[in-house]
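Novice: The following block contains the structure, expressed as structure tokens.
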2 protein chains.
Amino acid sequence: MSEFHCPENHPRYQSLRARHLIEEGIAKGITHLSGLAAHGRGEAFDYMLGEKTQAFAERAIRAAAAMMVLAERPIISANGNTSVLVREEMIELSRVANAPIEINIFNDAGNRRELIFKHFQEKSVEPYGLNPDALISGLTSARARVDSRGMFLADVVLVSLEDGDRTECLIKGGKKVIAIDLNPLSRTPQMATISIVDNVQRALPLMAEYVLEFKEQREQAEQVLREYDNAAVLKESLSAIRAGFSK
Amino acid sequence: MSEFHCPENHPRYQSLRARHLIEEGIAKGITHLSGLAAHGRGEAFDYMLGEKTQAFAERAIRAAAAMMVLAERPIISANGNTSVLVREEMIELSRVANAPIEINIFNDAGNRRELIFKHFQEKSVEPYGLNPDALISGLTSARARVDSRGMFLADVVLVSLEDGDRTECLIKGGKKVIAIDLNPLSRTPQMATISIVDNVQRALPLMAEYVLEFKEQREQAEQVLREYDNAAVLKESLSAIRAGFSK
């Protein structure tokens with residue numbers, strides 16, 4: 001795989017780097033080809049949002065951080081795209097929020113679980129999900145397969161760049177779901193407890209900052225969560241995208 | 001490459017088939033990985049348009065057919081994505097409109113031109129562009145390289161699923177450009193003479209039908225073209241996408 005050469009001050013640096021990381025993930029066998037198409041769809045929505053974290057997204061990120069801090073067993077779900085796009089960002093959030101990472105992928109044919117596991121091991125982190133031994137009911141894809149010590153017991157699950165089915169099943173299973181997805185109309189954000197309509201590369205570092213803040217102020221975290229209105233956030237995200245098409 | 005198995009009455013048949021064709025194109029070396037990401041972006045816009053040819057798109061397709069019929073030297077530009085997605089549809093339009101096909105790609109490293117040429121040869125069609133011998137000024141990518149008998153002399157160029165630079169250079173070079181692109185805000189439709197905001201798989205067969213109609217009625221074609229308002233079409237396409245985000 002070729003090196004990524006692009007000056008950091010290039011206006012499309014983040015976007016070009018993301019594309020490069022996904023293509024590299026495909027070459028390594030970590031990312032499925034459909035992940036690149038999904039990434040393209042995400043790019044279209046991010047473009048409409050001006051490629052920046054909008055105010056409604058920051059409110060959702062702040063509430064998500066509060067929910068992570070107050071959770072008993074929060075967990076961060078990693079798939080093929082997020083493993084290559086935001087490995088370091090997930091590890092940092094995992095560290096500050098004391099939330100393990102678990103590999104959860106739609107298709108685990110071949111040795112994809114192992115490849116993703118090794119990808120994290122390179123950074124001295126060993127996620128759950130290498131040998132899933134429990135099932136989330138209602139799902140037929142490999143997404144059903146979870147670790148009995150991890151996702152299975154979690155009360156709060158952070159999912160990013162996902163297909164819609166799983167969020168619904170996790171919610172039905174009594175869990176709270178924080179979703180990061182650039183398309184507010186897709187099923188994941190429509191079903192989630194907290195829907196972050198933002199680029200995962202921008203959202204995760206900001207969430208880690210808020211987690212650090214709330215760890216010292218649990219009462220404030222409780223208040224933020226009490227006052228948070230996800231329906232309003234979703235509505236504002238739709239308005240923002242509509243505005244992107246007003247000329 | 002695996003076979004594509006999906007019942008034709010599946011609600012997402014066209015979309016799943018398109019994804020399969022692009023992935024197959026990648027496996028064959030015809031399509032660049034970036035083509036899959038671009039396809040994903042297109043899917044996002046098509047989704048917002050309800051995955052059907054809207055009235056404004058049909059007006060643009062009709063005007064485009066009129067322009068093709070009245071052109072002296074129309075040409076159909078083929079790239080990696082269109083070669084795999086709509087090979088048969090381009091060949092049919094080429095036949096009815098008497099417009100040759102020319103291979104024009106952003107990156108022609110390796111033997112991509114030859115692979116695309118052979119892909120058409122399988123259907124007994126030999127497009128221009130295997131050995132480009134002329135240049136379109138203003139472009140630095142391989143897109144500048146054209147055939148002196150084809151694109152170089154053309155008065156009307158049909159481009160689909162393209163990056164923005166080229167349309168601008170073709171227009172500056174005195175050519176008329178018909179663009180098919182699902183994102184009305186991207187540079188290609190913004191610069192084109194006729195902007196078809198529609199899925200290329202739906203637009204090309206419809207264009208071929210109108211071409212057959214106009215071939216017998218050149219005066220009607222002239223009238224359709226005279227009355228066509230591309231700015232209005234672009235404006236309506238933006239409204240349609242905004243409406244997709246109103247809930």
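The values are calculated or read from the model by the stated rules, or taken from the named source; none is laboratory data. As the structure is a prediction and not an experimental result, all values here were calculated from the model. With ideal geometry, Cβ positions are generated from the backbone for all residues, glycine too; neighbour counts draw on all protein chains shown. The accessibility values were calculated without ligands, DNA or RNA, using every heavy atom of the protein model including side chains. Shrake-Rupley method; radii C 1.70, N 1.55, O 1.52, S 1.80 Å.
Novice: When you scan the stretch A:21-114 for helices (runs of 4 or more DSSP H) that lie fully inside it, which ones turn up with 3 or more residues that are at pLDDT 90 or above and open to solvent by 40 Å² or more (accessible area, probe 1.4 Å)?
Specialist: A:55-70, A:87-97
Novice: Return a yes/no flag: does the stretch B:126-138 have any residue that is over 28 Å from B:K172 (Cβ atoms) and of a type in the set (S, T, Y).
Specialist: No, because not a single residue in the stretch B:126-138 is over 28 Å from B:K172 (Cβ atoms) and of a type in the set (S, T, Y).
Novice: Looking at this structure, is A:R12 more than 10 Å from chain B (Cβ to nearest Cβ), charged (D, E, K, R) and under 15 Å from A:N199 (Cβ atoms)?
Specialist: yes
Novice: Follow-up. I'm trying to understand the selection: among the residues of the stretch B:154-181, which are under 19 Å from B:H32 (Cα atoms), open to solvent by 10 Å² or more (accessible area, probe 1.4 Å) and not acidic (D, E)?
Specialist: B:L161, B:G164
Novice: Right, another one. Among the residues in the stretch A:218-230, are any within 14 Å of chain B (Cβ to nearest Cβ), modelled with pLDDT of 95 or more and either at positive phi or surrounded by 19 or more Cβ atoms within 10 Å (Cβ to Cβ) (or both)?
Specialist: Scanning the stretch A:218-230 turns up no residue that is within 14 Å of chain B (Cβ to nearest Cβ), modelled with pLDDT of 95 or more and either at positive phi or surrounded by 19 or more Cβ atoms within 10 Å (Cβ to Cβ) (or both).
This table checks each residue for (1) in contact with a Pro (Cβ under 9 Å, 6 or more places away or on another chain); (2) touching a residue at least 60 places away in the same chain (Cβ under 8 Å); (3) on the phi < 0 side of the Ramachandran plot.
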residue	(1), (2), (3)
B:G150	yes, yes, yes
B:L170	no, no, yes
B:K175	no, no, yes
B:I180	yes, no, yes
B:L185	no, no, yes
B:T188	no, no, yes
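Novice: Can you name the number of the only condition in (1) more than 19 Å from the chain's Cα centre (by Cα); (2) closer than 22 Å to A:K28 by Cβ that A:D133 fails?
Specialist: (2)
Novice: State which residue pairs qualify: first residue more than 10 Å from chain B (Cβ to nearest Cβ) and inside the stretch A:16-34, second residue part of a helix (DSSP H, G or I) and open to solvent by 40 Å² or more (accessible area, probe 1.4 Å) in any location, beta carbons under 7 Å apart, and separation of 6 or more residues or different chains.
Specialist: If the second residue must be part of a helix (DSSP H, G or I) and open to solvent by 40 Å² or more (accessible area, probe 1.4 Å), the pairs left are A:K28/A:L115; A:G29/A:L115; A:I30/A:L115.
Novice: Find the residue count for the stretch A:115-141, including only residues that are open to solvent by 80 Å² or more (accessible area, probe 1.4 Å) and touching a residue at least 12 places away in the same chain (Cβ under 8 Å).
Specialist: Of the residues in the stretch A:115-141, 4 are open to solvent by 80 Å² or more (accessible area, probe 1.4 Å) and touching a residue at least 12 places away in the same chain (Cβ under 8 Å).
Novice: Return yes when B:L234 is out of contact with any helix residue (DSSP H, G or I) (no Cβ under 8 Å at 6 or more places or on another chain), touching a residue at least 12 places away in the same chain (Cβ under 8 Å), more than 23 Å from B:I91 (Cα to Cα) and of a type in the set (A, V, I, L, M) and no when it is not.
Specialist: It is false that B:L234 is out of contact with any helix residue (DSSP H, G or I) (no Cβ under 8 Å at 6 or more places or on another chain), touching a residue at least 12 places away in the same chain (Cβ under 8 Å), more than 23 Å from B:I91 (Cα to Cα) and of a type in the set (A, V, I, L, M).
Novice: Which numbered condition trips up A:A208, out of (1) away from chain B (no Cβ under 14 Å); (2) at pLDDT below 95?
Specialist: Every condition holds for A:A208 apart from (2).
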